[in-house]
Every structure is written in structure tokens, then in C-alpha cells.
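The values are calculated or read from the model by the stated rules, or taken from the named source; none is laboratory data. These numbers come from a predicted model, not from an experiment. So basically every Cβ, Gly included, is an ideal-geometry build from the backbone, and we count neighbours across all protein chains shown.
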Amino acid sequence: MKKGSLFVVSAPAGCGKDTILNELFKRTDKAGYAVSATTRAPREGEVNGVHYHFLSRAEFERKIAEKEVLEYTEYCGNYYGTLQKSVNDLLERGKDAILKIEVEGAMNIKRQFPEACLVFILPPSWEVLEKRLRDRGTETEDKIIERTNQARREVKFAESYDYLIVNDEFSAAVDDLLAVLRAESLRRVRNDELLARFE
């Protein structure tokens, strides 16, 4: 079985990465979500083990010490990280493993796994991003300002990513992400077994 590829998808809060990924997984069974771990509290409707592995700070730090966390970062006062087992389980089953992580974590993954493909999702504009954050109705004014400032810092990392997708029209953004997955699966370095047939 051909081993899966590793993808990282990052975006500032309010850019729609969760919605895009949820739709992506409805359209393809060749990719899976490597569920991240976090110490933040679950939002309404979020399910442990599906949206995140929700851990206490002490439990998260224990996993770091025991080298069960592939990468992690602290963002807005909470830990976010990728569990080694979540990634390996997908890749060994021949599925592409998609990590939804912040920019610092993405840079750590790229250092450890140069073959990983990094995708950054952008908002159409700063004005649209701020409106989306307000429309959520889940953030205080201070938190909206904090998230907007954080977004401006995160976008500076986008130049280190392999692909950029603007989430202006939802269906087109999903199509673009699917196109990235398809294109990466066709890279020569991922298909040496094809050339071997013609030796």
C-alpha cells in the first residue's frame, strides 16, 4: 500500500479552515484529519476526539515529556499540539494526514518533515476577517482585537508555505484544497514505484 502524505493547513481564526476541512472530508476518503490536542475548553458542539483531544495542562505536559507530541505551541494562553499516534495511524493506512495547526507548529513540522506540504488559508481582506469574527457571536470585543492582531502576525508566515488559498467563495476554496492534495499525490518523488514498472 502506498503510504499517505503529510499536509499542514493553517489559517488565522475566522478564515473558515474548519468548515473547509469538514467539507473536504465529505468529498474524499483519501485523506484524514490528524486530530490535534489542546488545553483550551471545548466550544459548544465540539466533541472530544473528533474536533480536538481536550486535555488538561498537566496531561498535555506529561505527553510532551513522554515524547508523544510531535509538535506543540502555546497560543492565546493554551497549548495546541499534534499527537504522534494521530499522524502515524493515518499514514500507515495509506491516507493523507492533514494537520490543522498554527503557524509556529507548521514551521516545526516543516523542519522535522521537509516533505510535508504546507497550505495557508487567507481571508479575502482584513475587513472580512473582522466581520466573520464578530458574526460568530462567541468572542468578546477584547478577544476580537486580540485575534485580529494575532492574524496579522500569522499572515507574515504565509510566505513559508507551499500553497495559498483565499477563502472568498467557500466551494471554490474546498476545490482548491482538493486540487492541492491531488497535485501532491502526483509528484514524481511520491511515485517512484510507477517508474520502476518501466525499468
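The set of residues in segment 157-181 that are under 17 Å from the mean Cα position of the chain (by Cα) and charged (D, E, K, R) comprises Glu159, Asp162, Asp175, Asp176. Residues of segment 60-103 that are in a helix (DSSP H, G or I) and among the hydroxyl-bearing types (Ser, Thr, Tyr): Ser86 alone.
Only residues that are modelled with pLDDT of 90 or more and either surrounded by fewer than 21 Cβ atoms within 10 Å (Cβ to Cβ) or among the hydroxyl-bearing types (Ser, Thr, Tyr) (or both) were counted in segment 114-130, giving 9. As a summary of the residue check, Glu104 satisfies the conditions (1) under 13 Å from the mean Cα position of the chain (by Cα); (2) more than 16 Å from Asp18 (Cβ to Cβ); (3) at pLDDT 90 or above except for the one numbered (3). Name the helices (runs of 4 or more DSSP H) wholly within segment 117-199 that hold at least 3 residues that are touching a residue at least 24 places away in the same chain (Cβ under 8 Å) and more than 15 Å from Leu21 (Cα to Cα)? Because the criterion is at least 3 residues that are touching a residue at least 24 places away in the same chain (Cβ under 8 Å) and more than 15 Å from Leu21 (Cα to Cα), the helices (runs of 4 or more DSSP H) in segment 117-199 that meet it are 126-136, 141-155. The set of residues in segment 61-109 that are basic (Lys, Arg) and under 25 Å from Leu24 (Cβ atoms) comprises Lys85, Arg93, Lys95, Lys100. May I ask you to verify whether Arg93 is more than 19 Å from Arg182 (Cα to Cα) and not acidic (Asp, Glu)? Spelling it out, it is not the case that Arg93 is more than 19 Å from Arg182 (Cα to Cα) and not acidic (Asp, Glu).
Residues that are in contact with a Pro (Cβ under 7 Å, 6 or more places away or on another chain) and part of a loop (DSSP other than H, G, I, E, B) within segment 20-59 are absent altogether.
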